[in-house]
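One structure is given below, encoded as structure tokens.
The values are calculated or read from the model by the stated rules, or taken from the named source; none is laboratory data. This is a predicted model, so every value here is computed, not measured. Every residue, glycine as well, gets a Cβ built from its backbone with ideal geometry; the counts of neighbours run over all protein chains shown. These accessible areas exclude ligands, DNA and RNA; they are computed on the full protein's heavy atoms, side chains included. Shrake-Rupley method; radii C 1.70, N 1.55, O 1.52, S 1.80 Å.
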Amino acid sequence: MRLSFHPASLCAAAVLAGLFTASAHADRLDDITARGVVRVGIMTDYPPFGSVDQQMKPQGYDIDMSALLEKAWHVRVEFVPVTAPNRVPTLQTGKADIMLNIGRSEERAKVVDFTQPYAPYFIGIYGKPGSPPVHGLDDLKGVTVAVTKGAIEERLLTEQAKDAKLSRFDDNASTIAAFFSGQSSTMAIGNVIALALRQKGSPAFEQKLILLNSPVHAAVPKGEKRLLDKMNGFLSSIKADGSLNAISQKWMQQPLSADLLQAGS
């Protein structure tokens, strides 16, 4: 198996194969099969999904899943490094065949097609161990919550937990510091950030409430139904045989939820 980086600046030349109508030319799945390569967009600055080790080799949840894809499809994976803002344009301009790690939204669904979810992502309310439970947003009445300005958690709490006492900070580091220093009794952060804090040996904290559940999807160019179906079939198979759950245990330190495992089945 050989996983290699594909420079995002290189575009595949368009092949005009249809002699009669536009619908006669090969679709994206045919192109992948013909070249023996599937170009997979990944973020390399977003652990535990994607990062690079000291030898500059990619590692993470998405990297391990791509290795399974390479084996299942009998093609070589070429990684196309992307940033969060250019994920959709990279698909639209033909620089990648599949984009990993992208949240589904109605706006994005107008221009790309999403697979079933394959990894957990949520925004949670976290507190100190032994602090009062939070069963719902009503339980945040009078509770101080550290949030980052401009983040989705600030918007959600402003709209839905009007009786909470929000302490707003300019960045995630300040939000986290405020919580651990006791300036606020809870904090609102993503589960990926919470995982990174635990791995770095932060003081103990625990999840109190899931504020927004937004599992991670893959996406393919709009209208590429055969490629979408093949990708969904692949995801269903690695959910069923337990290999995706093993990746989640390795990188997320938690099993996949029953809802995520059943999605797309």
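Before moving on, here are some points about what is shown:
- Selection from the range 52-96 of residues that are of a type in the set (Asp, Glu) and open to solvent by 10 Å² or more (accessible area, probe 1.4 Å): Asp53, Asp64, Glu70, Glu78
- Ala246 being at pLDDT below 95 and of a type outside the set (D, E, K, R): no
- Near pairs, Cβ below 7 angstrom, 6+ apart or cross-chain, from the range 52-73 (free of Cβ contacts under 8 Å to residues at least 12 places away in the same chain) to any residue that is assigned to a helix (DSSP H, G or I) and exposed (fewer than 14 other Cβ atoms within 10 Å of the Cβ): none
- Hey, Arg104 in contact (Cβ under 8 Å) with a residue 60 or more places away in the chain and either β-branched (Val, Ile, Thr) or open to solvent by 20 Å² or more (accessible area, probe 1.4 Å) (or both) or not: yes
- Matching entry among Val40, Val15 (being outside any helix (DSSP H, G or I) and modelled with pLDDT of 95 or more): Val40
- Residue under evaluation Gln254, criteria (1) modelled with pLDDT of 95 or more; (2) more than 27 Å from Glu106 (Cα to Cα), criterion not met: (1)
- Within the range 120-158, the set of residues being among the hydroxyl-bearing types (Ser, Thr, Tyr) and either buried (at least 19 other Cβ atoms within 10 Å of the Cβ) or in contact (Cβ under 8 Å) with a residue 12 or more places away in the chain (or both) comprises Tyr121, Tyr126, Ser131, Thr144, Thr148.
- Residue satisfying condition, being aromatic (Phe, Trp, Tyr) and more than 17 Å from the chain's Cα centre (by Cα), within set Phe114, Phe180: Phe180
- The range 170-208, residues that are in a helix (DSSP H, G or I), β-branched (Val, Ile, Thr) and open to solvent by less than 30 Å² (accessible area, probe 1.4 Å): Thr175, Ile176, Val192
- Selection status of Tyr126, at pLDDT 95 or above, touching a helix residue (DSSP H, G or I) at 6+ places or on another chain (Cβ under 8 Å) and of a type in the set (Phe, Trp, Tyr): yes
- Out of Leu211, Leu244, Leu256, one residue alone is of a type in the set (A, V, I, L, M, F, W, C), part of a helix (DSSP H, G or I) and open to solvent by less than 30 Å² (accessible area, probe 1.4 Å). It is Leu244.
- Qualifying residue in the range 159-169 (condition: touching a Pro at 6+ places or on another chain (Cβ under 8 Å), open to solvent by 30 Å² or more (accessible area, probe 1.4 Å) and more than 18 Å from Ser131 (Cα to Cα)): no
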